[in-house]
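> What follows is a single structure, and I will ask about it in a moment.
The values are calculated or read from the model by the stated rules, or taken from the named source; none is laboratory data. Remember, predicted model here, so these are calculated numbers, not experimental data. Please note: Cβ atoms are built from the backbone with ideal geometry, for glycine as well, and neighbour counts cover all protein chains shown. Just the protein is used for accessible areas: all its heavy atoms, side chains included, with ligands, DNA and RNA removed. Shrake-Rupley method; radii C 1.70, N 1.55, O 1.52, S 1.80 Å.
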Amino acid sequence: MRLPYRIAGLWVRVVLLVVLLWGALVTVLSLTPRERTLADFHTALRAGQVTYVLHRGDPVDLRWSTGPLFWYHADQSEPHTRSHLFHDLDAAVPRPEAAPAQSRWGFFSGWPFRVPVRGAAWPVGVAWIATLLIMLGMGRRRLGNTWAWFWLFTVGEVGAMLFLLLEPRSLWNGLEPQEPVANPMSGGRGCGLALFLSVVIPILVAVGLSYVFHALLDLLPLFP
């Protein structure tokens, strides 16, 4: 009788992980946009191509999207005030969704609840909460205790995805049993790892991962 539950649990993990990975990818791309001019923004806006706008400050530090995977940043050599931006947005048909940009990614920015795609905060946020509840309700964990995973979920930013990938057995192990590690993480070690990830992940995103993602996007038009 346990086998059907284990199969269902495996599929739940896969679905939750895919939703969170998609949200993380969109968030990463929004944090590493391509440089464009303000004229490019106005052209895309008039053509109805802009779907989401992130703004901060006045003059505005402006990022916009023409689709979940395509993000751009306006060259700040051309000042654009907040009032002008909202005037432009109000005149646009259809009007893109706009939100204040977060200043950084780290120390629990709450990114699952701020995925910059219209309507995406619900599925991604619900997936994160569901994963947190699964973690809290799980009786036996292989790699760390409740506090270790709690810090990885919050301060570490990627704990939910790591949990789905690794607990209670590695996802690539399927339904095969897997023994717990000899020395699982305590709360202190989990907090230390979470702090380390909160510093390293933004650097990896800015220096390496964004270039990989953009290179892959550049290859898409080459395929029939």
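> Assess whether S83 counts as being without any contact (Cβ under 8 Å) to a residue 12 or more places away in the chain and of a type outside the set (F, W, Y). Before you say what the answer is, go through the steps one by one.
Working: without any contact (Cβ under 8 Å) to a residue 12 or more places away in the chain: yes; of a type outside the set (F, W, Y): yes.
Considered against the rule, which asks whether it is without any contact (Cβ under 8 Å) to a residue 12 or more places away in the chain and of a type outside the set (F, W, Y), S83 comes out as yes.
Okay, residues lined up against (1) outside any helix (DSSP H, G or I); (2) under 30 Å from G174 (Cα atoms); (3) open to solvent by less than 60 Å² (accessible area, probe 1.4 Å):
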{"position": "L16", "(1), (2), (3)": "no, yes, yes"}
{"position": "A24", "(1), (2), (3)": "no, yes, yes"}
{"position": "V28", "(1), (2), (3)": "no, yes, yes"}
{"position": "Q49", "(1), (2), (3)": "yes, no, no"}
{"position": "L54", "(1), (2), (3)": "yes, no, yes"}
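> Taking segment 174-194 only, how many residues are within 24 Å of A127 (Cβ to Cβ), in a helix (DSSP H, G or I) and open to solvent by less than 30 Å² (accessible area, probe 1.4 Å)?
Total satisfying the criteria: 2.
> Go through (1) of a type in the set (F, W, Y); (2) over 23 Å from E167 (Cβ atoms); (3) at pLDDT below 90 for Y5 and report which single condition fails.
(2)
> Would you check if V155 is exposed (fewer than 13 other Cβ atoms within 10 Å of the Cβ) and among the β-branched types (V, I, T)?
no
> Condition first: without any contact (Cβ under 8 Å) to a residue 24 or more places away in the chain and more than 18 Å from the chain's Cα centre (by Cα). Now tell me which residues in segment 86-104 satisfy that. Walk me through it before giving the result.
Start the filter on segment 86-104 by keeping residues that are without any contact (Cβ under 8 Å) to a residue 24 or more places away in the chain, which leaves 86-87, 90-91, 95, 102.
Passing the criteria: F86, H87, D90, A91, R95.
> Would you mind stating whether W122 is part of a helix (DSSP H, G or I), open to solvent by less than 30 Å² (accessible area, probe 1.4 Å) and closer than 29 Å to T51 by Cβ? Please lay out each step first, then the result.
Values: part of a helix (DSSP H, G or I): yes; open to solvent by less than 30 Å² (accessible area, probe 1.4 Å): no; closer than 29 Å to T51 by Cβ: yes.
Judged against the criteria, W122 is not a match.
> Right, another one. Out of L166, L171, I need the residue that is touching a helix residue (DSSP H, G or I) at 6+ places or on another chain (Cβ under 6 Å), open to solvent by 30 Å² or more (accessible area, probe 1.4 Å) and under 25 Å from Y5 (Cα atoms). Which one?
On the way: L166 fails: touching a helix residue (DSSP H, G or I) at 6+ places or on another chain (Cβ under 6 Å).
After ruling out the rest, the residue left standing is L171.
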